[in-house]
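A quick write-up on the structure given underneath.
The values are calculated or read from the model by the stated rules, or taken from the named source; none is laboratory data. Please read these numbers as outputs of a predicted model, since none were measured by experiment. Cβ atoms come from the backbone with ideal geometry, glycine included; neighbour counts cover every protein chain shown. Accessible surface is based on the protein model in full, side chains and every heavy atom, while ligands, DNA and RNA are left aside. Shrake-Rupley method; radii C 1.70, N 1.55, O 1.52, S 1.80 Å.
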Amino acid sequence: MIGRRSAGIRDCLLAALSGLLLALPYVDRELFLLGWIGFVPLLWTLHDKRPAQAYRLGLVCGLVLYGGGAWWIVEFLLRLWSPGLPLTVFLSVLFWLYSAQLIALLMLAFQWLRLRTGWSALLLFPPLVALFFGYFPMLFQAQLGESQSAFLVALQGTSVVGVSGLDTMMALVSVLILRWLTGPRAPWHDSVSMIATLLPMVWLVWGAVSLGHWDERVAESPTERVGVVQTNTGLNSARQAPGYTASYPRAMALSAALARAGADLVVWPEARDNRYFQEPRVAAALRRETARLSTAILLQGMEYVDGAAGRAEHNSTVLIDSGGREQGRYRKIRRVAFGEYLPLLERFPSARRWVRGQLGEFFTQVAPGNGPERFRADAITVIPLICYEALFPVLVADAARGREARELLVVVSNNVWFGPSRQPHQHLNASVLRAVENRRPLLHVINNGPSALILPSGRRLFQSEYGEAGAYWIDAPLSEDATDSVYTRSPRLLPWVFGLLLAAAIIRALWAASWRQPAMPVNRS
């Protein structure tokens, strides 16, 4: 009994170590290598475990991963609602517990399939990691590869298979390390290991070559001067700063300085004080001032649209060209749960009203847009995205498909709800992956920072400080090439392949169960 208890404590500590190794790169991007060994301790514990035990160990790992990597949920709740410490702790634990189900269910599925099919962990675990991190429903999506934004060589392959491919490589390396640590196996196992070892080696070698290639392409690309407005407005900033009005906000004054510096395009962040869509006189004044500055401005605001189903509110952006004319509007497609819609509560009016009342000013019922847009600002073509949308690789690839010359992905957001936590930096790390996947420069413009210009290689040409107001101009390299990346053309290819593999594994497992075959012996490999 004492021996079992000691073994159980040891296994929980190893599972917690895995969670810590996976969490640290999200907290500090320079610790990216820890993510490549993160699953090793957890996998080590599974060699003699039943699926239910694997679930519990995965839950321990997940709680440490999300408790450490998403500690900012505490700051978010305090700023959103100020419910008091006990309720904040309760809701934070509930969030971490739900998020931890990703790892818990991943390990349960892996162990069940491995026991039932007898297939190698090399074949099962990496695809399962990619599918769970890519498709498990999370309040704030975060894929494993987004902890690798500083590992530029490893990022390059995402332009072919997306961040799910990077997730796969990281999981594969963990399995390989475990096999090496647990000693030699039968010859066919060694051959499988040798073949599997080639995959991350090829990934990294190709990444090194590709990184050099894209550095050269960027150096040869023509540039256009773009401006970033970082207003750094506070949490309760529905009113204009002293000395400014809705018709001439502080962002416009900062834009004037950028126009004098020669910016062809100025981008404003997501903000609560912009009345462009609600007041025609404000819209007319902003268009006149934009024409006077003779530079294009991209701005965001809340737009009300009357339709057959009544009035709908959209989170929208608009591009005003250098002549003061609208070039188009984009309405946000992917909304933030509990911030812009209430999942599962639309059919329960009483519960919906109560939740909306509790969420206060943070919540606004927002209708989804119909599809992506492209805006043309003189020599620059802009693909706009709003806030949360940078976290969804397929959505961004769908928006970017059909490339034109001199394109720029633009993400605008307001992360003031998260305070001086790691979340704004994690948001930026996700944008780095979207730039590489689609091989386009990406301008990440945040109200309270950090804002950045990310090159198609993943390098950051510019990054502002968090919590500082300012106006920044950058000469952005914009390629004349109009060719989409492989991932932009086929962002669903790898998940489909992995989905078919998973379906085959489930059929094999159920077939074995129907014939009442004994469970396959399992080792750590």
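What strands (runs of 3 or more DSSP E), lying completely within the stretch 373-483, carry at least 2 residues that are open to solvent by 10 Å² or more (accessible area, probe 1.4 Å)? Once the strands (runs of 3 or more DSSP E) in the stretch 373-483 are filtered for at least 2 residues that are open to solvent by 10 Å² or more (accessible area, probe 1.4 Å), what remains is 460-463, 470-477.
One residue alone among Ala100, Ala104 is closer than 16 Å to Val64 by Cα and under 19 Å from the mean Cα position of the chain (by Cα), and that residue is Ala100. Residue-level check: of (1) modelled with pLDDT under 95; (2) within 30 Å of Gly118 (Cα to Cα); (3) aliphatic (A, V, I, L, M), Ala219 misses just (2).
The set of residues in the stretch 375-410 being of a type in the set (A, V, I, L, M, F, W, C), more than 21 Å from Val318 (Cβ to Cβ) and under 17 Å from the mean Cα position of the chain (by Cα) consists of Leu391, Phe392, Val394, Ala397. The single condition from (1) part of a helix (DSSP H, G or I); (2) free of Cβ contacts under 8 Å to residues at least 24 places away in the same chain; (3) open to solvent by 30 Å² or more (accessible area, probe 1.4 Å) that Gly68 fails is (2).
Taking the criterion of being among the aromatic types (Phe, Trp, Tyr) and either open to solvent by 50 Å² or more (accessible area, probe 1.4 Å) or within 10 Å of Arg116 (Cβ to Cβ) (or both), the residues of the stretch 494-514 that qualify are Trp496, Trp511.
Which number in (1) within 27 Å of Gly145 (Cα to Cα); (2) in contact (Cβ under 8 Å) with a residue 60 or more places away in the chain marks the one condition that Lys49 misses? Here Lys49 meets the rest and fails (1). Checked against (1) closer than 27 Å to Gly8 by Cα; (2) free of Cβ contacts under 8 Å to residues at least 12 places away in the same chain, Val129 meets all criteria but (2). Scanning the stretch 12-54 for residues that are open to solvent by 50 Å² or more (accessible area, probe 1.4 Å) and of a type in the set (Val, Ile, Thr) yields Val27, Ile37. Assess whether Glu75 counts as being open to solvent by 50 Å² or more (accessible area, probe 1.4 Å), modelled with pLDDT of 95 or more and out of contact with any Cys (no Cβ under 6 Å at 6 or more places or on another chain). The answer is no for Glu75.
Inclusion of Ser193 among residues that are assigned to a helix (DSSP H, G or I), modelled with pLDDT of 95 or more and open to solvent by less than 40 Å² (accessible area, probe 1.4 Å) is not warranted.
Mind listing just one residue for me: the one in the stretch 484-493 that is out of contact with any Pro (no Cβ under 7 Å at 6 or more places or on another chain), of a type outside the set (Val, Ile, Thr) and open to solvent by less than 50 Å² (accessible area, probe 1.4 Å) and, of those, farthest from Gly262 (Cα to Cα)? Filtering the stretch 484-493 for residues that are out of contact with any Pro (no Cβ under 7 Å at 6 or more places or on another chain), of a type outside the set (Val, Ile, Thr) and open to solvent by less than 50 Å² (accessible area, probe 1.4 Å), the one farthest from Gly262 (Cα to Cα) comes out as Tyr487.
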